[in-house]
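To start, the structure under review is shown below, and the notes come after it.
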Amino acid sequence: MNPKQRAAEAAMNYVESGMVVGLGTGTTADEFLKALGKAIKAGKLTDIRGVPTSIQSERRARELEIPLVSLVEAPHPDVTIDGADEIDPNLDLIKGLGGALLREKIVAQNSAKLVIIADAGKVVEKLGTRAMLPIEIVQFSHEAHVPFIRNLGGEPTLRRAKDGAPFVTDNGNYIYDCRFADGIPDPHKVEQALRTRAGIVESGLFLSMATIAIISDDEHAEVCEREYVDDE
């Protein structure tokens, strides 16, 4: 069992019969989909309904015979299980290298819990140290956002598909992958700035969203829970 499979199996502990489950996108999330489909087929879990976060995860869930509903039909999933591209000590994340960041964030924000599964190589002290930050941008005049992103400290590159054409998300938008030379010094500040910009749809910063992270290596899966600070 590899680290991704081990983390996915551990995430099954957070799924019970009768739940609505957000279905993540990516290679690690796919291991969870396989484990979930297997449990449903064996009768270990019943009355499970999945909410896919991308066309890819919808297609995969159908292949695995996982019953599906839309977020309109089930607006508050009990839990979403998804992967991440980077995880910092606060359980803040960079996601979206698979291109599904917008739908992933929509499903995650509606879920009672967000459980992140990842191998140990995704853990960093500072976000942006290894992974680039994906930013989803509408196609119209997309180049006009490049100077704005550079002023935030990032060096953006338009993501391209295998045929060399710009990569297009499930929502019909482009993605710029942004490299921060020394990591992102203040992710909350960057996220806030991006939200003020018309034409920037979403970023891959998932801040204060993950409830639990399951980090796995070749031998163990460690469960990390977010620490909540009481403001009173």
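Miscellaneous remarks
- Efficiency of FRET between Cys224 and Glu63 - r from beta-carbon atoms, R0 41 angstrom, step 0.05: 0.85
- Excluding same-chain neighbours fewer than eight residues apart, the lysines reachable from Lys189 by a Cα-Cα span under 22 Å are Lys95, Lys105, Lys126.
- The candidate values are (1) 54, 39, 37; (2) 63, 44, 33; (3) 48, 39, 36; the one derived from this structure for Cα extents along the principal axes in Å carries the label (1).
- Helix-only arithmetic for the chain: the sum of -39500 (n - 2.57) across DSSP H runs with n ≥ 4, divided by the residue total, places the mean residue ellipticity at 222 nm at -7000 deg cm²/dmol.
- Residues of type lysines that Lys41 reaches as a straight line, Cα spacing below 27 Å, ignoring anything fewer than 8 places off in the same chain: Lys4, Lys113
- If you plug the beta carbon distance of Asp182 and Ile106 into 1/(1 + (r/R0)^6) with R0 = 30 Å, you get a FRET efficiency near 0.45.
- Whether segment 53-135 is rounded, prolate or oblate, judged on the alpha carbon gyration tensor where a/c under 1.5 counts as rounded: prolate
- DSSP-defined antiparallel bridges as percent of all bridges, the chain, nearest 5: 55
- Rounded, prolate or oblate (a/c below 1.5 giving rounded, otherwise prolate when a/b exceeds b/c) for segment 110-226 by Cα gyration tensor: prolate
- Separation of alpha-carbon centers, segment 99-147 and segment 148-209, rounded to whole Å: 8
- Cut-off of 10 Å, at most 12 other beta carbons, DSSP loop: longest stretch of the chain lacking such chymotrypsin sites (Phe, Trp or Tyr not before Pro): 1-139
Where a number appears in this text, it was derived from the coordinates with a stated rule and is not lab data. Note that this is a predicted model, so its numbers are computed, not measured. Using ideal geometry, Cβ is built from the backbone for each residue, glycine included, and neighbour counts are taken over all protein chains shown.
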